[in-house]
Amino acid sequence: MKYLCLIYYDEQRVDEMSDEQWQALVARCLACGEELRASGHMLAGEPLQAVRTARTVRVRDGVATAVDGPFAETREQLAGFYLIEAADQGEAEAIAAKIPPATFGSVEVRPLRQLPQR
């Protein structure tokens, strides 16, 4: 089954990291991605730009509006994602626990919905 691992962390905390801490985090993330690819679990994954670059689009009564930023009410912001293949939720959660930002942020694990075929 496919799972989306949504990576969240406090951008202010990341902005406060030294260059050495940031480089170490990036290296750990790259190594984690390579390990997951080698094991056949990782299907895709990408980091996202800072939340300040986000635009939110909403359509109400046929009218589209776009505003700066997401409407998140938490300190943690979406930072990236991994799309993984796992046998079950337990295996997906074990994989998510290996994603480095889980040590100071969080990783939400959600199974992908299977849409009915027509």
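A short reminder: the numbers here are calculations on the coordinates, not readings from a lab. What you are looking at is a predicted structure, and each value in this text was computed from that prediction instead of being measured. Glycine gets a Cβ as well: all are built from the backbone with ideal geometry, and neighbour counts include every protein chain shown.
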(message) What does the net charge come to around THR65 if you take all other residues with beta carbon closer than 12 Å to its beta carbon, with K and R at +1 and D and E at -1?
(response) +1
(request) Rounded to the nearest 0.05, what FRET efficiency do LEU30 and GLN89 give with R0 = 22 Å and r taken as the Cβ-Cβ distance? Could you check? (result) 0.25
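So, counting K/R as plus one and D/E as minus one, what does the shell of residues with Cβ under 14 Å around LYS98 add up to? Display every interim value, and only then the final one.
Values: positive: ARG28, ARG37; negative: GLU34, GLU35, GLU91, GLU93.
Net of charged neighbours comes to -2.
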